[in-house]
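Chemist: First the structure, which I've put down as structure tokens, then a few questions once you've had a look.
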There are 2 protein chains.
Amino acid sequence: MQIQPSFRAHPSRDTHAGLSDLLLAMQPAAVTYFPTDAVIYAEGDAAGPLYLVEFGMVRICRLTADGRRLISAFHTAGEVFGFEADGVHGSFAESVDGAGIRVLRPHCGEQPTGSILTLALRSLARTQAHLMLLGRRNANERMAAFLVDLAARQGDDSSVYLPMQRYDIADYLGMTFETVSRVLRALKDLGLIRLRSTNEVELLDLAALEAMCD
Amino acid sequence: MQIQPSFRAHPSRDTHAGLSDLLLAMQPAAVTYFPTDAVIYAEGDAAGPLYLVEFGMVRICRLTADGRRLISAFHTAGEVFGFEADGVHGSFAESVDGAGIRVLRPHCGEQPTGSILTLALRSLARTQAHLMLLGRRNANERMAAFLVDLAARQGDDSSVYLPMQRYDIADYLGMTFETVSRVLRALKDLGLIRLRSTNEVELLDLAALEAMCD
DNA sequence: CGACCTGTTGATTCTGCTCAATCAACGTGG
DNA sequence: CCACGTTGATTGAGCAGAATCAACAGGTCG
């Protein structure tokens, strides 16, 4: 948790509706650098400020009493997270690969609730799509949806970079890391992807992958 | 889809923070009665107005291309639904058992976005809790969580009324209706519940049920 | 009464988990 | 430079939980 001196503006900020309003209205703090696996906020922490990802990737996690973990979301550059209904965080946020985060502290009584609402609704829409994934799709379909979604967010429809490790993917897709390996193997055998390296996947048949997830 | 002449105010309205502000600011329309299985809005419909449940129960559904259904939420009296990130509904809403709905139409440019935000964040919190359910809990745990949640919302911690049928419960919990039957049977055999009738469950050991779901 | 719908239960199948071995990449210290 | 330990990923064997396929019971409605 140290201050990153060289601030690098992320590329897609202006493409996110509502975000520029928010940045104008909420005095943006400096960018804080969170190294791999550093905790950004913990479960039970007081909620309030929002967090803008400048670079890197963040995971939002929740644990059951007996230690099973679910990652409810990954956030990449340009996305805002940290919304809570009551004043306390029900999940915790960690840096996946070293992430730069800008904290947006609400001014007393003069937040632009309109643009916050826009972002919160987007978060809701993402979460609902993820519900469908976990509730009604099998392992292959979940992985296909994950790859297609990441590719879209990275703006490259022929290859995907996976900054997180297999265990994270498993906890995001509601399965085990062994199954993640097996499913990637299965998609490879189907000729849909190619594993350029452990964390770089080439999408050989984007149309077929998209067809697998609606 | 007919107008219910006798309007019955629901009991818990004032316990929902943000709701009274919303009702003050958004001119509430008359209550419309939706009989069992009637569609309140369809997937693809223009979004915008919000919907307040006055009585009865509503299900929010989504379908995969090949017809698998997931119910992302049930809504009871006092709850508001219909939030969408963009202008189009990604899910559809249906009456479960005959529901009275009050449509809240936004006035141009003068909605109380603050109270809408509060309600949207509550919806997000619910959805995230449901994610955990579908991603990391087995059939018994899902059912226990469902019963405990319904009991709390119905304000009775010794029995639960199930207005929906097994198929709906299955699609809410991400399983089949046969498994719903079997799981209820299993909880009964464990001495945790008693099936007073098809749609009335007595909670014999609330503490144990709560322990099953964190 | 018969047709239909909902729910329960049984038999079987199958997807994904558990347990476990192996392997590659990497860092450390002798 | 190499032996060693560690960590992440892959693969295999067997198992368990839930799905599927199927039969049947009770209730409702024409």
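The values are calculated or read from the model by the stated rules, or taken from the named source; none is laboratory data. Because the structure is predicted, anything quoted here is derived from the model rather than measured. Please note: Cβ atoms are built from the backbone with ideal geometry, for glycine as well, and neighbour counts cover all protein chains shown.
Chemist: Being touching a Leu at 6+ places or on another chain (Cβ under 7 Å), at pLDDT 95 or above, within 12 Å of chain B (Cβ to nearest Cβ) and closer than 19 Å to B:A125 by Cα is true for just one of A:L117, A:L124. Which residue is that?
Modeler: On the way: A:L117 fails: at pLDDT 95 or above.
Within the list A:L117, A:L124, the selection yields A:L124.
Chemist: Do we have A:G100 as under 21 Å from B:T113 (Cα atoms) and either surrounded by 19 or more Cβ atoms within 10 Å (Cβ to Cβ) or in contact with a helix residue (DSSP H, G or I) (Cβ under 6 Å, 6 or more places away or on another chain) (or both) here?
Modeler: no
Chemist: Are any residues in segment B:171-182 of a type in the set (A, V, I, L, M, F, W, C) and near DNA strand C (Cβ under 9 Å from one of its atoms), and if so, which ones?
Modeler: B:F177, B:V180
Chemist: Give the number of residues within segment B:38-69 that are touching an Asp or Glu at 6+ places or on another chain (Cβ under 6 Å), over 22 Å from B:P112 (Cα atoms) and not small (G, A, S). Can you show your working first?
Modeler: Step one: list which residues in segment B:38-69 are touching an Asp or Glu at 6+ places or on another chain (Cβ under 6 Å), which gives B:39, B:47, B:53, B:56-57, B:59, B:64-65, B:69.
Pick out the ones that are also over 22 Å from B:P112 (Cα atoms) and you get B:39, B:56-57, B:59, B:64-65, B:69.
When the remaining residues are screened for being not small (G, A, S), the result is B:39, B:57, B:59, B:64, B:69.
Summing the residues that are touching an Asp or Glu at 6+ places or on another chain (Cβ under 6 Å), over 22 Å from B:P112 (Cα atoms) and not small (G, A, S) in segment B:38-69 gives 5.
Chemist: If the requirement is being among the aliphatic types (A, V, I, L, M), away from DNA strand C (no atom under 16 Å from the Cβ) and on the phi < 0 side of the Ramachandran plot, which of these qualifies: B:L209, B:L147, B:L190, B:L162?
Modeler: B:L209
Chemist: Let me ask something additional. Filter segment B:161-181 for residues that are farther than 22 Å from B:G67 by Cβ and either at pLDDT below 95 or touching a helix residue (DSSP H, G or I) at 6+ places or on another chain (Cβ under 8 Å) (or both) and give the result. So that I can check it myself, show each step before the final result.
Modeler: Taking segment B:161-181 first, the residues farther than 22 Å from B:G67 by Cβ are B:161-163.
Hits for segment B:161-181 are B:Y161, B:L162.
Chemist: Something else about it: Touching a helix residue (DSSP H, G or I) at 6+ places or on another chain (Cβ under 9 Å) and touching a residue at least 24 places away in the same chain (Cβ under 8 Å): does that describe B:S95?
Modeler: no
Chemist: Which one of the conditions (1) within 19 Å of B:Q165 (Cα to Cα); (2) in contact with a strand residue (DSSP E or B) (Cβ under 9 Å, 6 or more places away or on another chain); (3) more than 10 Å from every other protein chain (Cβ to nearest Cβ) does B:R69 fail to meet, given that it meets all the rest?
Modeler: Only one criterion in (1) within 19 Å of B:Q165 (Cα to Cα); (2) in contact with a strand residue (DSSP E or B) (Cβ under 9 Å, 6 or more places away or on another chain); (3) more than 10 Å from every other protein chain (Cβ to nearest Cβ) is unmet by B:R69, namely (3).
Chemist: While we're looking at this one, here's another question. Taking B:L162, is it under 24 Å from B:V39 (Cα atoms), within 11 Å of chain A (Cβ to nearest Cβ) and of a type in the set (A, V, I, L, M, F, W, C)?
Modeler: Criteria not met by B:L162.
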